[in-house]
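This report concerns only the one structure given below.
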Amino acid sequence: MRNAVKIGGLIATTDNAAAIGEKPQDIVSASDKLTAYLTARVTFLEQLAANAIPTHILLANFSGDDAWNRYVAGIEQVFDEIGLVRPRVDGSSESNMPTLQSGLSITMLGEVQKRTEYEHNKLIWYTYGLPLVGNEVLEQPENVAQLQPIFDAWQEEIVQQVWPVGSKGLQVEFSRLFGDNKVECSLDITKTAGPCTVILLGVHSGKEEQAQNIFTRNFEKLCITEGS
């Protein structure tokens, strides 16, 4: 599993954001709702990577009581996009000490879904989206991998494996997935992908045309050859 922990029969995934939000000293200025949306989006994608669907959500809010409802609204947006009922959100807020910068952490607990299993090397791999970070994410929303097509294709088992790319960039994920094999890709593979703005998708070999009809922008097939 990628960045997921199995706890009993549940899968736990988590992501956080700091110094991004509505406080004057935040490094990146963004609405609390958007910050929570992007953080929840990463956490949800990690659930899909583990072939799980979230059933519980825990929110740690370091931005003060006033931010709680805005953060929950951002989490809600993720589930609205994909047409799922949002699980209940529990957690706590730091209300004793005022903070100078925003901070939150979102943890999801999910149940593993019954799916056909394929080896990584039996799938056709694509990148979806572009690697973006910081203000680029706010300035280029059209280049961020979109949740709804990912989820729809995953549900229909057109996409067999979702593999989010985070702050360490594509090269690190290529090494995790493909080992010493050579991977040809036109994107900057050393650049951070921030809140998973680019995703690796393992597509069923007989469903490439369906995938190409679903993912119509920033969808690039990888050329993978065995290493020497």
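Based on the Cβ-Cβ distance of ALA60 and GLU208, what FRET efficiency does E = 1/(1 + (r/R0)^6) give at R0 = 35 Å, to the nearest 0.05? Once rounded, the FRET efficiency stands at 0.30. Simple rule: put +1 on each Lys or Arg Cβ and -1 on each Asp or Glu Cβ in the stretch 120-225, find the dipole, and look at VAL162, ALA145, ALA211; the Cα lying farthest toward the positive end is VAL162. For the stretch 76-149, trypsin sites (Lys or Arg not before Pro) meeting the loop criterion (DSSP other than H, G, I, E, B) and having at most 13 other Cβ atoms within 10 Å: ARG88, LYS114, ARG115.
Of the residues VAL42, HIS56, CYS196, the one whose Cα sits farthest toward the positive end of the charge dipole of the chain, with +1 on the Cβ of Lys and Arg and -1 on the Cβ of Asp and Glu, is HIS56. Applying 1/(1 + (r/R0)^6) with R0 = 25 Å to the Cβ-Cβ distance of GLN113 and ASN143, what FRET efficiency is obtained, to the nearest 0.05? So, using R0 = 25 Å, E works out to roughly 0.30.
Return the subset of LYS6/LYS114; LYS182/LYS221; LYS33/LYS191 for which the Cα-Cα distance in this structure is over 20 Å, preserving the input order. Too far apart for the 20 Å limit: LYS33/LYS191. Each Lys and Arg Cβ is given +1 and each Asp and Glu Cβ -1; about its Cα centre, the chain then shows a dipole of about 360 debye.
In percent, rounded to a whole number, the relative contact order of the stretch 120-225 is 48, using alpha-carbon pairs under 8 Å and six or more apart.
Test of understanding: extend the Cα→C-beta vector of ILE7 to 7 Å, then name every residue of the stretch 110-136 with backbone N under 16 Å from that spot. Hits in the stretch 110-136 for ILE7 at 16 Å: 110-112.
Report, in whole Å, the centroid distance computed from the Cα atoms of the stretch 20-60 and the stretch 67-102. If we compute the Cα centre of each part, the gap is 8 Å.
Just to be sure I follow the definition: excluding the sites themselves, where is the longest run in the chain that has none of the GluC sites (Glu not before Pro) in a DSSP loop with at most 13 other Cβ atoms within 10 Å? After excluding every exposed loop site, the longest remaining stretch is 1-116.
Projecting the Cα atoms of GLY74, SER105, THR116 onto the charge dipole of the chain, computed from C-beta unit charges around the Cα centre, puts THR116 farthest toward the positive end.
Computed from the coordinates I sent, Cα extents along the principal axes in Å equals one of [x] 97, 45, 33; [y] 50, 44, 34; [z] 57, 36, 31. Tell me the label. Among [x] 97, 45, 33; [y] 50, 44, 34; [z] 57, 36, 31, the one derived from this structure is [z].
Only the coordinates and a few stated rules stand behind these numbers; no lab work does. What you are looking at is a predicted structure, and each value in this text was computed from that prediction instead of being measured. Cβ atoms come from the backbone with ideal geometry, glycine included; neighbour counts cover every protein chain shown.
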